[in-house]
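Everything on this sheet refers to the single structure shown next.
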Amino acid sequence: MKNQSKKIILTIIDGLGLRKEIQGNAYAQASHPTFDLLFENYPNAVLEASGEFVGLPKGQIGNSEVGHLNIGAGRVVYTGLSLINNAIETNKFDDNEALNLIIDDSIKNKRTLHLMGLLSDGGVHSLDKHLFEILKLANKKGLKDVSIHIFGDGRDVKPQSIKSSLKTLEELSAKFNYPISSISGRFYAMDRDQIFERNELALEAILGKSTNTYLNLAEYIDNQYQNKIYDEFIYPAQNKNGLFLKNNDNVLFFNFRPDRARQLSHLLLNSDLYQYGPKHQIKINLFASLMKYEGIKSLVAFEEMKITNPIGEVISKNHLSQLRLAETQKYAHVTFFMDGGQEILYPNEKRILVDSIKAKSFADYPQMSAKEITDALLNNIEKFDFVIMNYANPDMVGHTGNLKATIQAIEFLDAQFKRIYDYVQQNQNEVTW
């Protein structure tokens, strides 16, 4: 690599996949002459991006985080989901040091343990059975005061799917007398765009300060559905008979993926991670997370697989310059996840963050910030040896479930690829794409 003479552009099209079926297939229904040209005239291969091929359990859908980890590592990376599932399957979960420490402290000092996270069987940010196992462990050890705070998914799974997981949760809740004290859609609880006003609404329900209440959670969800508000956007509400977070309580966040857990964690801990100061100050005794949340001080139950020589380190060791380029939605992916789950800025590395449009639904803005990303690439490519960049459109617009908008997103991206292709053609001796 020291003799590398041509610049390299590694472009990741987040959320774009290939399948034969036409129905519901935005790529198949879109017009994409530039993609067609590339497939027809240049070497290409189709890779598996899910299951055991990327370190996930067999049959488990892939996701952006896992994809970038594997690309950056250049090998299969076994992630949090696999590590935690393996601990359950080998009967080692109940022996976990961090889990036992926070439960034992809650028992010894008569503190309430608050369990919060995404209630989902999607396995992208969390897995419902992890919560179920924690509840069983707490009960087995004799902990009386446990409060559950759940977030609706509807993004990595079907929009109205929370009730399948809720059925089991309510059975355990009734059996152990552990109340489900609050609910919030992930749009609020798991915002990652530093729109802290959303997180604050979820936190108010966790603290028992929300004006939105319920007695019967299933009925509350039904009422939301009747108003066309689905799992992702469930408005934060608190149980009238809930057990709410107070000073000196303990908290366990059961999301294993960090990126959408960090802002709410910041509010809970008033950390140094963001400049935003929480509206409601709370003093937590112990804070634990299933996996490490970068920038958040916590008891970590499961450590990630350590990745040596990720792509950025290799580029840096060979004295080459590199650019990381993405919009807000995927900035962590081309930096933190691409670098093996570590926050590090290498010598001769520059990062360009293009602001994402602040939208409730990207279906309204299928172009997102793709043009601005392309502009940034073409304005900076001559300064760098290696570029790692991400286009978020197919992923973020596809998540809305709006087929028409996703088709528009792909067609807009195709036009951006035409701009890059034209540049590369004009500079064939200098750039490899």
task = Confirm whether Ser321 is modelled with pLDDT of 95 or more, farther than 30 Å from Asn109 by Cα, out of contact with any His (no Cβ under 7 Å at 6 or more places or on another chain) and among the small types (Gly, Ala, Ser).
result = yes
task = Please give the number of the condition Tyr225 fails out of (1) in contact (Cβ under 8 Å) with a residue 40 or more places away in the chain; (2) crowded, with 17+ Cβ neighbours inside 10 Å; (3) among the aromatic types (Phe, Trp, Tyr).
result = (2)
Set Leu273, Leu299: member being surrounded by fewer than 22 Cβ atoms within 10 Å (Cβ to Cβ), more than 23 Å from Arg155 (Cα to Cα) and touching a strand residue (DSSP E or B) at 6+ places or on another chain (Cβ under 8 Å) = Leu299
key: Entirely in region 135-253, the strands (runs of 3 or more DSSP E) that have 3 or more residues that are at pLDDT 95 or above and either among the hydrophobic types (A, V, I, L, M, F, W, C) or assigned by TED's automatic domain parsing to the domain that holds His399 (or both)   = 146-152, 250-253
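Considering region 82-121 alone, what residues qualify as being small (Gly, Ala, Ser) and in contact with a Pro (Cβ under 9 Å, 6 or more places away or on another chain)?
Result: Ser82, single match.
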request  = Output the residues belonging to region 56-114 that are touching a Ser or Thr at 6+ places or on another chain (Cβ under 8 Å) and among the hydroxyl-bearing types (Ser, Thr, Tyr).
outcome  = Ser106, Thr112
task = Might you let me know whether region 185-200 holds any residue that is out of contact with any Asp or Glu (no Cβ under 6 Å at 6 or more places or on another chain) and basic (Lys, Arg)?
result = no
key: Search result, residues across region 1-41 that are more than 20 Å from Glu411 (Cα to Cα) and without any contact (Cβ under 8 Å) to a residue 40 or more places away in the chain   = Asn3, Ser5
query = What is the number of the single condition among (1) under 21 Å from Thr112 (Cβ atoms); (2) crowded, with 16+ Cβ neighbours inside 10 Å that Leu215 does not meet?
reply = (2)
message = within 25 Å of Phe151 (Cβ to Cβ) and either surrounded by fewer than 16 Cβ atoms within 10 Å (Cβ to Cβ) or among the charged types (D, E, K, R) (or both): is that true of Asp36 in this structure?
response = no
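The values are calculated or read from the model by the stated rules, or taken from the named source; none is laboratory data. Keep in mind the model is a prediction, meaning the values are calculated, not measured. No Cβ is skipped: glycine too gets one built from the backbone with ideal geometry, and neighbour counts run over all protein chains shown.
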